[in-house]
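The structure appears below as structure tokens.
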């Protein structure tokens with residue numbers, strides 16, 4: 001994977017990352033990597049590749065790029081599309097329900 005120049009982050013990117021941190025996750029921002037996810041969130045033995053999209057944008061503006069689709073299809077671990085803090089909370093609840 002290579003770095004890209006000035007990749008644009010979604011408006012809610014930092015809010016999403018902070019929501020994971022507030023729930024006890026370690027968060028690695030990999031949004032500058034080309035053809036990758038935006039965040040890696042980990043807690044305990046669970047690691048999630050997270051693609052952040054801005055849920056306030058129309059669906060056409062939230063589509064995955066070709067590189068994001070390739071990453072999702074090749075990633076062998078847990079992958080999640082997150083559009084809001086509520087999505088982060090739902091992912092966290094899934095962990096606690098298991």
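Each value in this text was obtained by applying a stated rule to the coordinates, not by laboratory testing. Remember, predicted model here, so these are calculated numbers, not experimental data. Using ideal geometry, Cβ is built from the backbone for each residue, glycine included, and neighbour counts are taken over all protein chains shown.
Only one residue in 87, 54 is surrounded by 14 or more Cβ atoms within 10 Å (Cβ to Cβ) and over 21 Å from residue 32 (Cα atoms), so which one is that?
Just one listed residue meets the conditions, 87.
Which numbered condition trips up residue 32, out of (1) in contact with a strand residue (DSSP E or B) (Cβ under 7 Å, 6 or more places away or on another chain); (2) exposed (fewer than 13 other Cβ atoms within 10 Å of the Cβ)?
Of the numbered conditions (1) in contact with a strand residue (DSSP E or B) (Cβ under 7 Å, 6 or more places away or on another chain); (2) exposed (fewer than 13 other Cβ atoms within 10 Å of the Cβ), the odd one out for residue 32 is (2).
Mind listing whichever residues of region 16-51 are more than 12 Å from the chain's Cα centre (by Cα) and either assigned to a loop (DSSP other than H, G, I, E, B) or closer than 15 Å to residue 67 by Cβ (or both)?
23, 24, 25, 32, 33, 34, 35, 44, 45
Quick check on my filter: what residues within region 53-83 are part of a loop (DSSP other than H, G, I, E, B), in contact with a helix residue (DSSP H, G or I) (Cβ under 8 Å, 6 or more places away or on another chain) and in contact (Cβ under 8 Å) with a residue 40 or more places away in the chain? Give the derivation first.
Pass one, region 53-83, residues part of a loop (DSSP other than H, G, I, E, B): 53-58, 63-65, 75-77, 83.
Next cut, in contact with a helix residue (DSSP H, G or I) (Cβ under 8 Å, 6 or more places away or on another chain) only: 53-55, 64, 83.
Matches in region 53-83: 53, 54, 55, 83.
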